[in-house]
1. If you scan region 5-38, which residues turn out to be at pLDDT 85 or above, part of a helix (DSSP H, G or I) and more than 17 Å from residue 68 (Cα to Cα)?
2. Looking only at region 43-57, count how many residues are over 16 Å from residue 69 (Cα atoms) and in a helix (DSSP H, G or I).
């Protein structure tokens, strides 16, 4: 599938929001890390735009009825956990990587 087709499919739902089936179809553990992270962000954004009963229930029902989609989504999330480190997450959020707590505490006083 071409990139254009993926984009068109991704935003095929009303209001320019990605359709759930399109998001689930794009789950692929062999994609690059940035692509997998972007996919996970899109899926989480889709869930957050709705109330839990309007997002989690349909998501879980689709995954329950479609074992191949469930497997792709699980593999993609497993690959994300495997390929990322908590230290990088903390560094991205502004927690210092190599500076000791005592050094930070002394710098404040």
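The values are calculated or read from the model by the stated rules, or taken from the named source; none is laboratory data. Because the structure is predicted, anything quoted here is derived from the model rather than measured. Virtual Cβ from ideal backbone geometry, glycine too; neighbours counted across all protein chains shown.
1. Hits for region 5-38 are 33, 34, 35, 36, 37, 38.
2. So the answer is 9.
Residue by residue, here is whether (1) out of contact with any strand residue (DSSP E or B) (no Cβ under 7 Å at 6 or more places or on another chain); (2) in a loop (DSSP other than H, G, I, E, B); (3) farther than 20 Å from residue 38 by Cβ; (4) at pLDDT below 80 holds:
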{"position": "62", "(1), (2), (3), (4)": "yes, no, yes, no"}
{"position": "71", "(1), (2), (3), (4)": "yes, no, yes, no"}
{"position": "76", "(1), (2), (3), (4)": "yes, no, no, no"}
{"position": "82", "(1), (2), (3), (4)": "yes, no, no, no"}
{"position": "89", "(1), (2), (3), (4)": "yes, no, no, yes"}
{"position": "99", "(1), (2), (3), (4)": "yes, yes, yes, yes"}
